Amino acid sequence: MRARHVFDERHVGAPGIAHGGAVATVLDDLFGFLLYLIGEPAVTRHLEVGYRSPVLLGTPYLLEAGVQRREGRKLFVRAQGTDEGGAAVVEASALFLVVGLEHFARGGGDAAPVAP
Ligand SMILES: CCCCCCCCCCCCCCCC(=O)SCCNC(=O)CCNC(=O)[C@H](O)C(C)(C)COP(=O)(O)OP(=O)(O)OC[C@H]1O[C@@H](n2cnc3c(N)ncnc32)[C@H](O)[C@@H]1OP(=O)(O)O
């Protein structure tokens, strides 16, 4: 899966640079959306982010994510963010666990199924 993303002032850490937590959030959400497209309701069990270069505000980045392998209900996923010159600025790997819809009902929301 591919996405384009531009961080803005809402995500600022150091001046002009995205906060690492905001970058991690975007990557985690990218994985969530990937698994939504695949049609597996899954949640993050473990997330690792490698920050290679500062992620700049107001700069478009290409984000790419895919499923590396599956072991039963464990989904191992990887992602990379690159700048317009093709240089990798951030990478992430995560373990998602497939869960039943009752998992989401624990938050008190409507646990009605969502079409993939
Ligand atoms: C409301 C309407 C309906 C909504 C319809 C759906 C909507 C769809 C929305 C999706 C939205 C996503 C949005 C973005 C992604 C989030 O933001 S998800 C939110 C953040 N994550 C969470 O809140 C998850 C909190 N954690 C949990 O609930 C539980 O830990 C889990 C994930 C369900 C797993 O619990 P568990 O079943 O007890 O499993 P656990 O024993 O902890 O670990 C499972 C396995 O992983 C292994 N493991 C753990 N860590 C590692 C590691 N680092 N490396 C390798 N193996 C590991 C364990 O050894 C274990 O292996 P086995 O012994 O099973 O072989």
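The values are calculated or read from the model by the stated rules, or taken from the named source; none is laboratory data. Worth saying up front: this structure is predicted, and the values here are computed from it rather than measured. A quick note on method: Cβ atoms are made from the backbone with ideal geometry, for glycine too, and the neighbour counts reach across all protein chains shown. Ligands, DNA and RNA are stripped out before the accessible areas are found, and what is left, the full protein with its side chains, is counted by its heavy atoms. Shrake-Rupley method; radii C 1.70, N 1.55, O 1.52, S 1.80 Å.
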Exercise. Determine, yes or no, whether Gly58 is touching a helix residue (DSSP H, G or I) at 6+ places or on another chain (Cβ under 9 Å) and at pLDDT 95 or above.
Key: yes
Quiz item: Quick check, is Leu62 among the hydrophobic types (A, V, I, L, M, F, W, C) and open to solvent by 50 Å² or more (accessible area, probe 1.4 Å)?
Solution: no
Quiz item: Given the residues Val55, Val89, Val49, Val77, which is the only one that is open to solvent by 30 Å² or more (accessible area, probe 1.4 Å), more than 9 Å from the ligand (Cβ to nearest atom) and either within 18 Å of Phe33 (Cβ to Cβ) or among the hydrophobic types (A, V, I, L, M, F, W, C) (or both)?
Solution: Val49
Quiz item: For segment 96-109, does any single residue satisfy the condition of being modelled with pLDDT of 95 or more, open to solvent by 50 Å² or more (accessible area, probe 1.4 Å), closer than 20 Å to Asp28 by Cβ and within 13 Å of the chain's Cα centre (by Cα)?
Solution: no
Quiz item: Do we find that Leu62 is under 19 Å from Phe104 (Cβ atoms) and either of a type in the set (A, V, I, L, M, F, W, C) or near the ligand (Cβ under 8 Å from one of its atoms) (or both) in this structure?
Solution: no
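When the residues of segment 9-46 are narrowed to those that are of a type in the set (Gly, Ala, Ser) and under 22 Å from Leu101 (Cβ atoms), which ends up nearest to the ligand (Cβ to nearest atom)?
Among them, the one singled out is Gly32.
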Practice problem: Please indicate, with yes or no, whether at least one residue in segment 23-39 is surrounded by 11 or more Cβ atoms within 10 Å (Cβ to Cβ), in contact with a helix residue (DSSP H, G or I) (Cβ under 6 Å, 6 or more places away or on another chain) and more than 21 Å from Asp8 (Cα to Cα). | Solution: no
